[in-house]
Amino acid sequence: MNERPEGVEHEEDELEASRAPLIEHLVELRRRLIYSVIAFLVVFGICLNFSQEIYAFLVEPLSHVLGAHSGRRLIFTGLAEAMFTQIKVAFFAAAMLSFPLVAMQIWLFVAPGLYRSERRALLPFLVATPVLFTAGAALAYYVVFPVAWKFFISFEMPGAATGGLPVEFEGKVDEYLSIVMKLIFGFGLMFLLPVALTLMGRVGLISSAWLRDKRKYAIVVIFIVAAVLTPPDPFTQCALAVPIVLLYELSIYLVRLAERKRDAGEEI
């Protein structure tokens, strides 16, 4: 009768013991993913039902610049372009509105594996993420769009200036909404910089001293990213870059604060 070595049996027992928790984690992950998908689909269905209202909200800054009663319009040149644009708008709105629900599912999956002190440390970042993202999106919509659209429309030329052929804006609806959604998402994402840097500081990947040393490079990168994400006018670029620079400075302070708390805990 063949007998297995005692070390081999012990190793196989450990593998069997670890298999059950792994399967439980995968089942829990599957459940949270299903809940997230269901939440997104429900919100998407609601947004699709109100896609025309969402479109009117997104186009309002341009309508205000052009004049609501001026007879100006946006056009579509493809047969299915307007339909797919409404679906895109609903998808974009659903992604933003369902994010807190999806983030809650992520938190419910991760939280049981954290210590109480770790949960208390991460919870403020979970709350701050949608708040900062919304602040960035609001800056784009209420501050940047009116000024940027007015700047671009100023390049129109009446007929007298062009020898009888006027140059007027008549944009495509999908192109306009694409740039609007890109800017809203870009502004919101860039406003999450303090969350990302502070979390990296808490886990020891970066330090406040390192952030201070790299400040000048960070400012250059921020302005480059702002130039890529925004239309080619100085006001729009600065409207994104300047707040991000200020948030970078806030990140240095928050990382330094976390370092002081960690040092105080080690001393105790």
Got a number for residues in region 188-210 being in a loop (DSSP other than H, G, I, E, B), more than 15 Å from Tyr253 (Cβ to Cβ) and at pLDDT 85 or above? 2
Output for region 227-247, where each listed residue is touching a residue at least 24 places away in the same chain (Cβ under 8 Å) and crowded, with 19+ Cβ neighbours inside 10 Å: Leu229, Thr230, Thr236, Ala239, Leu240, Pro243, Ile244, Leu247
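Here's the yes/no breakdown for (1) within 18 Å of Leu183 (Cα to Cα); (2) surrounded by fewer than 16 Cβ atoms within 10 Å (Cβ to Cβ); (3) at pLDDT below 85:
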position	(1), (2), (3)
Phe44	no, no, no
Ser51	no, no, no
Arg73	no, yes, yes
Phe92	yes, no, no
Val127	no, yes, yes
Val131	yes, yes, no
Consider Phe145 carefully, then state whether it is without any contact (Cβ under 8 Å) to a residue 60 or more places away in the chain and within 21 Å of the chain's Cα centre (by Cα). no
Looking at Arg4, Arg31, which is the one that is touching a helix residue (DSSP H, G or I) at 6+ places or on another chain (Cβ under 9 Å) and either surrounded by 14 or more Cβ atoms within 10 Å (Cβ to Cβ) or modelled with pLDDT of 80 or more (or both)? Arg31
Meets criteria (surrounded by 14 or more Cβ atoms within 10 Å (Cβ to Cβ), more than 21 Å from the chain's Cα centre (by Cα) and either polar (S, T, N, Q) or closer than 17 Å to Ile184 by Cβ (or both)) for Leu62: yes
Here are Phe185, Phe223: which of them is under 28 Å from Ile87 (Cβ atoms) and at pLDDT 85 or above? Phe185
Selected residue [touching a residue at least 40 places away in the same chain (Cβ under 8 Å) and more than 23 Å from the chain's Cα centre (by Cα)] from Phe84, Phe76, Phe125, Phe44: Phe76
Run Asp213 past the list (1) over 30 Å from Ile54 (Cβ atoms); (2) surrounded by 14 or more Cβ atoms within 10 Å (Cβ to Cβ); (3) modelled with pLDDT of 80 or more; (4) not hydrophobic (A, V, I, L, M, F, W, C) and report the number of the one that doesn't hold. (2)
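The values are calculated or read from the model by the stated rules, or taken from the named source; none is laboratory data. Everything quoted here is computed from the prediction, not taken from an experiment. Cβ: placed from backbone, ideal geometry, glycine included. Neighbour counts: every protein chain shown.
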